[in-house]
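Participant: So that we are looking at the same thing, I have put the structure below in structure tokens.
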Amino acid sequence: MLRQLLRRGGDVARRVLAAWDGYWEFGFRSESEKRGLALLKQWLSPQQLAQYNAHRCFDVTGCHSGKRYRIRHGVGMNVYELDALGRPLVGRCFVPKDNLVAGDVMLAQKIALETNERGALLVARTFPPRWRADQTIA
Amino acid sequence: MAVQIIMDHSGDSRHEFNPEDAAALFKAEQRFNELMRGGYTGAVRSPTGDPTVIRRFDPAAEETLFFPRLVGG
């Protein structure tokens, strides 16, 4: 009886620890959101991954112009062209046609800017950056 | 095993196949071509980790990622 109780207690503790690990890594997110973020993290460079883990955004360099862009966590209106000082200059909104989770959207945006910047900007709509100066990362 | 990862509403769908198996390779190539016709972009990672867009099926690619056509938001 006591052994059974201890075993059950151990199972419960293991489940709680697994749930905590999941929360620690991804926060309270659905399975699809977790999958999207896991895929994104696999494709980010070590620098981009460190920046994303610290700030929930990462920088990419446009393959044609060499301009720097910041992709913030989100599913739209989340890409900003940066000036030389790392301040948001203009927002560039382009997203995959289908309804995708944030990790997938950000990964598609990253690949597009790093491999076909002109093509991405061709379809992108611009918007004024609504980003406070104190959110700027050097 | 090689894998084709297709972004979708569930995060992604994965199709694993053995590149040594001619039938599986043929099926993977058909899937690739179908996705290209559907407007998807295919990308692989170089050994340095940089993404590269591919427009033709690469039988040697261990992982190919597909995402839908981009549109202005």
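Participant: For the stretch B:2-67, build the charge dipole from Cβ charges (+1 Lys, Arg; -1 Asp, Glu) around the Cα centre, then report which of B:A23, B:G39, B:F66 sits farthest towards its positive end.
Facilitator: Most positive-ward Cα: B:G39.
Participant: So if I place +1 on the C-beta of Lys and Arg and -1 on the C-beta of Asp and Glu, and nothing else carries charge, what would the dipole magnitude of the stretch B:2-67 be about its Cα centre? I want it in debye, nearest 20.
Facilitator: On the way: 7 positive and 11 negative charges, 55 e Å.
Charge dipole, the stretch B:2-67, about its Cα centre: 260 debye, nearest 20.
Participant: Put +1 on the Cβ of each Lys and Arg and -1 on the Cβ of each Asp and Glu in the stretch A:30-131; which of A:L107, A:G62, A:W43 then has its Cα farthest toward the positive end of the dipole?
Facilitator: Final value for the positive-end residue is A:G62.
Participant: In which sequence would A:T115, B:T64, B:T48 go, from the one with the fewest C-beta neighbours within 10 Å to the one with the most?
Facilitator: B:T48, A:T115, B:T64
Participant: Right, something else. If you line up the long axis of helix A:2-26 against the longest principal axis of chain A, both from Cα atoms, how many degrees apart are they, to the nearest 10?
Facilitator: Its long axis makes an angle of about 10 degrees.
Participant: Would you mind ranking A:I111, B:I54 by Cβ crowding within 10 Å, fewest neighbours first?
Facilitator: Sorted ascending by nearby Cβ count, the order is B:I54, A:I111.
Participant: Averaged across A:40-50, how many Cβ atoms of other chains sit within 10 Å of each residue's Cβ atom? The partial results should precede the final answer.
Facilitator: Details: counts 0, 0, 5, 8, 1, 4, 1, 0, 1, 0, 0.
Mean partner shielding for this stretch: 2.
Participant: Here's another thing I want to ask about it. For chain A, with only Lys/Arg (+1) and Asp/Glu (-1) charged at the beta-carbon, what is the dipole magnitude about the Cα centre, in debye rounded to 20?
Facilitator: Using Cβ point charges on Lys, Arg, Asp and Glu, chain A gives about 340 debye.
Participant: Nearest 10 degrees, 0 to 90: what angle lies between the long axis of helix A:102-115 and the longest principal axis of chain A (Cα atoms)?
Facilitator: With both axes taken from Cα atoms, the answer is about 40 degrees.
Participant: Normalising by the residue count of chain A, find the relative contact order in percent from Cα pairs under 8 Å and 6+ residues apart.
Facilitator: Relative CO of chain A lands at 21 percent.
All of the numbers you see were taken from the coordinates with simple rules; none came from a lab. In this text the structure is predicted, and so the values were computed from the model without any measurement. Note that each Cβ is placed from the backbone with ideal geometry, even for glycine, and that neighbours are counted across all protein chains shown.
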